[in-house]
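**Student:** Dropping the structure in here first, questions after.
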Amino acid sequence: MNIKIIFTDNKEISFNDGVTAAKALESWKKETLAYTVAVKINNKPADLNSPIEEDSKLDLIDISSAEGLSILRHSISHVMAQAVQEVFPGTKVSIGPAIENGYYYDFEYKEPFTVDDFTKIEKRMKKIIAADHPFIREELSRAAAVKLFEERNENYKVELINDLPGDVQEVSLYKQGDYIDLCRGPHIPSTGMIKAFKLLSVAGAYWRGNENNKMLQRIYGTGFANESELADYLNLLEEAKKRDHRRLGRELDLFQINEEAGPGLVIFHPKGMLLRYLIEEWERKEHLKRGYDMVMGPQILKVDLWKKSGHFDHYRDNMYFTEVDEQVYGIKPMNCLSHMLIYKSKIRSYRDLPLRYFELGTVHRHEKTGVLHGLMRVRQFTQDDAHILCMPEQLNSEIRAIADFVNYAMGIFGFEYEVELSTRPENSIGSDDDWNLATTALENALKDNKISYEVNEGDGAFYGPKIDFKLKDALKRKWQCATIQCDFTLPERFDLSYIGADGEKHRPVMLHRVILGAIERFMGVLIEHYAGALPVWLSPTQCVVITVTDKHIPYAGTVHDKLIEAGIRSEKYFDNEKLGYKIRQAQMQKIPYMLVIGDKEVEAESVAPRTRDGQNLGSIPVDEFIALLQEICEKKQ
RNA sequence: GCCGAUGUAGCUCAGCCGGUAGAGCAACUGAUUCGUAAUCAGUAGGUCACCAGUUCGAUUCUGGUCAUCGGCUCCA
């Protein structure tokens, strides 16, 4: 009895050193073992059967906590790897981490796996779980580990060990049954603790995420503490599918992407175009309020200009070219060039700066076929683009103003977002000094504004570092919308200057920025965010006038006219159908207000609004409804 | 671009071992005139993605192309 362990309720119990965490818990509160996947010994995650050698504080990792689920899923991935190797002998394993909402494991096998194989694999996994194999941790020297995996013909594991930093002398392995994996851990105590799991999909994935490497087969799966949580999650996935903007785009008649027209090219239908128009109108006003000037450049510019800017060297693969009068033109993939030429059109004084050129600029980019995705990833899109030319000392306040603008815009739509700072990529232009200056400027602005962010090494644009703002779609996939990019290079290449207070020529700095990003992508995220039920101010149809019977049509017609007159986007729905049917149709179109017109309304010269969430507002005068709607729109609801 | 899957009516999907196709919803027509999520009946609608090949005969088998979906890489 020579060490003391302090438990979460501050109770202290003495043990012999080397007691396992599980034994300690058993003496404290035995029942915790049922739902504890691992522990933290003095805040360090560890297995339940790790020995405790000194006085320690012991915390529990609950199976239902985020950390606990991640450990559980990681353990399930090992079980899956074991099952796959047993069902498909010769399969090589590589890596298999827990991810948000599940896990995956990457394999190499001579035949492709299909979803039909899942039943077999799952069956074998259940067998492994039923056998309740303990997860046994072992520490091995590097050399011994390499030898072990070489013998087992696991060259990916060998490569992983060989690539560990030089000072790493020992690695840890985990065994369950006959399966051995290189792994940091911790893991659940034994396979029997797995109560609910499911394999979800199979996909190709490059070894170590590099497209020059071999493509492995990745199996995705998920797992939960119990069956009902798993069922809830699978249900959630089904619900998310119903929010998919591609599906809603068709159901709500917003847009199409037509094979005959070409992949990645969006055709906006009347309602989709109206939505787009409403967003763009709002944006123009917001930009004018913030000191931006609206400009517009041509769709094609001579190739020499793209050579000058560096796009031809660094972005050519993504560009389309065309020939006019024996001159080669590049179809613009970005809007900056024209903006540079506007700046250059006269001599600029320091008093003119900053200059903020705003353009709803339509660009074309040759995206690889495999990346196209509804409105989210297309080949022609319109950016709410601006280029700000300013003095270096104005950089900080300009970046802050943009971050503020982004925050305001996201607030209007009720979006939460994540921020990333992307630094210099490999294939880039400009000097180290400029890159450092630019990166520091962005970083400082983030810090000054107390915006929390993550650093994304090497993910900047070829001409400068950037701050990315990411939104999530219905399936939790993140999409970059707003971005701020700092650029010293283009002003240099275009020899931009301004006359400073000292009467000398100086070089301005340029910020590239978008707020919503690509209108198409933003619309996609927006549609999913609202599950198609757009706020009233953005709804292409704000209300629909519905008659109870044909005899109400004349009065209903005057109501509709009055609404249109008042600037409300109203539709007539006077079909000879039962009221319930028409309500249902309007409901499925997610129209905010259904105005029911029956005898009572004709009599009282009123309307009976019903909201799309089933609320009945009773019979109210038309003017009152108009005022209500106008107020809601005013508040951007 | 890479890996895998898929492509049948406007939509969602059936269609066995090769003998040129069906359902529900939507559409259209008629009846019904109805008070808050589906009235009834009838009609019409398909070059089975496209192009080759095998075959007496291909939606079905084989090859190619295109597109879509899920990922990877890339990106707004």
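The values are calculated or read from the model by the stated rules, or taken from the named source; none is laboratory data. Quantities reported herein were computed from a predicted structural model and do not represent experimental measurements. Note: ideal-geometry Cβ built from the backbone for every residue, glycine included; neighbour counts use all protein chains shown.
**Student:** Please indicate, with yes or no, whether at least one residue in segment A:393-416 is within 24 Å of residue A:341 (Cα to Cα) and surrounded by fewer than 21 Cβ atoms within 10 Å (Cβ to Cβ).
**Tutor:** Within segment A:393-416, one or more residues are within 24 Å of residue A:341 (Cα to Cα) and surrounded by fewer than 21 Cβ atoms within 10 Å (Cβ to Cβ).
**Student:** Under 8 Å between Cβ atoms, which residue pairs at least 6 apart in sequence (or on different chains) link something in segment A:404-428 that is of a type in the set (Phe, Trp, Tyr) with a partner that is outside any helix (DSSP H, G or I) and away from RNA strand B (no atom under 11 Å from the Cβ)?
**Tutor:** Partner pairs satisfying both residue conditions: A:405/A:290.
**Student:** Among the residues of segment A:336-384, which ones are of a type in the set (A, V, I, L, M, F, W, C), part of a helix (DSSP H, G or I) and within 11 Å of RNA strand B (Cβ to nearest atom)?
**Tutor:** Selection gives A:371 alone.
**Student:** Next question, about the same structure. Taking into account only those residues within segment A:100-124 that are part of a loop (DSSP other than H, G, I, E, B) and at negative phi, which is surrounded by the fewest Cβ atoms within 10 Å (Cβ to Cβ)?
**Tutor:** By that ranking, first place goes to A:110.
**Student:** If you don't mind, another one. Identify, from the list A:166, A:185, the residue that is at pLDDT below 95 and on the phi > 0 side of the Ramachandran plot.
**Tutor:** A:185
**Student:** Considering only residues of segment A:582-629 that are out of contact with any strand residue (DSSP E or B) (no Cβ under 9 Å at 6 or more places or on another chain) and over 21 Å from residue A:271 (Cβ atoms), which is surrounded by the fewest Cβ atoms within 10 Å (Cβ to Cβ)?
**Tutor:** Among them, the one singled out is A:614.
**Student:** Moving on to the next point. Do you know which residues across segment A:128-143 are surrounded by 13 or more Cβ atoms within 10 Å (Cβ to Cβ) and either in a helix (DSSP H, G or I) or aliphatic (A, V, I, L, M) (or both)?
**Tutor:** Within segment A:128-143, A:128, A:129, A:136, A:140, A:142 meet the criteria.
**Student:** With among the aliphatic types (A, V, I, L, M), assigned by TED's automatic domain parsing to the domain that holds residue A:123 and over 25 Å from residue A:23 (Cα atoms) as the only criterion, which of A:95, A:76, A:71 stands out?
**Tutor:** Answer to the check: A:95.
**Student:** While we're here: Checking the conditions here, which among A:2, A:42 is without any contact (Cβ under 8 Å) to a residue 40 or more places away in the chain and over 22 Å from residue A:187 (Cα atoms)?
**Tutor:** Exactly one of A:2, A:42 is without any contact (Cβ under 8 Å) to a residue 40 or more places away in the chain and over 22 Å from residue A:187 (Cα atoms), namely A:2.
**Student:** Scanning for something of a type in the set (Ser, Thr, Tyr), more than 14 Å from RNA strand B (Cβ to nearest atom) and more than 26 Å from residue A:282 (Cα to Cα), does segment A:577-588 turn up at least one residue?
**Tutor:** No: segment A:577-588 contains no residue that is of a type in the set (Ser, Thr, Tyr), more than 14 Å from RNA strand B (Cβ to nearest atom) and more than 26 Å from residue A:282 (Cα to Cα).
One line per residue, one yes/no per condition, for (1) more than 29 Å from the chain's Cα centre (by Cα); (2) at pLDDT below 95; (3) over 30 Å from residue A:398 (Cβ atoms):
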{"site": "A:254", "(1), (2), (3)": "no, no, yes"}
{"site": "A:262", "(1), (2), (3)": "no, yes, yes"}
{"site": "A:274", "(1), (2), (3)": "no, no, yes"}
{"site": "A:280", "(1), (2), (3)": "no, no, no"}
{"site": "A:293", "(1), (2), (3)": "yes, no, no"}
{"site": "A:305", "(1), (2), (3)": "yes, no, no"}
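**Student:** While we're looking at this one, here's another question. Out of segment A:499-545, which residues are in contact with a His (Cβ under 7 Å, 6 or more places away or on another chain) and β-branched (Val, Ile, Thr)?
**Tutor:** Listed by number, the residues that qualify are A:527, A:545.
**Student:** Could you tell me which residue of segment A:255-295 is nearest to residue A:365 (Cα to Cα), considering only residues that are more than 14 Å from RNA strand B (Cβ to nearest atom) and in a loop (DSSP other than H, G, I, E, B)?
**Tutor:** So, considering only residues that are more than 14 Å from RNA strand B (Cβ to nearest atom) and in a loop (DSSP other than H, G, I, E, B), the one nearest to residue A:365 (Cα to Cα) is A:295.
**Student:** Let me ask something else. Are any residues in segment A:16-26 surrounded by 14 or more Cβ atoms within 10 Å (Cβ to Cβ) and free of Cβ contacts under 8 Å to residues at least 40 places away in the same chain, and if so, which ones?
**Tutor:** A:19, A:20, A:21, A:23, A:24, A:25, A:26
**Student:** Just give me the residues in segment A:55-99 being surrounded by fewer than 19 Cβ atoms within 10 Å (Cβ to Cβ), among the aliphatic types (A, V, I, L, M) and farther than 21 Å from residue A:209 by Cα, in sequence order.
**Tutor:** Listed by number, the residues that qualify are A:66, A:87.
**Student:** Kindly indicate the residue of segment A:216-241 that is within 12 Å of RNA strand B (Cβ to nearest atom), of a type in the set (A, V, I, L, M, F, W, C) and at pLDDT below 95 and also surrounded by the fewest Cβ atoms within 10 Å (Cβ to Cβ) among those meeting that condition.
**Tutor:** Looking at the filtered set, the residue picked out is A:237.
**Student:** Any idea which of A:382, A:362, A:369, A:439 is of a type in the set (S, T, N, Q), within 25 Å of residue A:519 (Cβ to Cβ) and in contact with a Leu (Cβ under 9 Å, 6 or more places away or on another chain)?
**Tutor:** A:382
**Student:** Of all residues being within 27 Å of residue A:409 (Cβ to Cβ) and among the aliphatic types (A, V, I, L, M) in segment A:589-637, which is nearest to RNA strand B (Cβ to nearest atom)? Just the residue, please.
**Tutor:** Only one residue fits best here, namely A:591.
**Student:** Same structure again: Quick one: in segment A:510-559, which of the residues that are more than 9 Å from RNA strand B (Cβ to nearest atom) and charged (D, E, K, R) is farthest from residue A:374 (Cα to Cα)?
**Tutor:** Among them, the one singled out is A:513.
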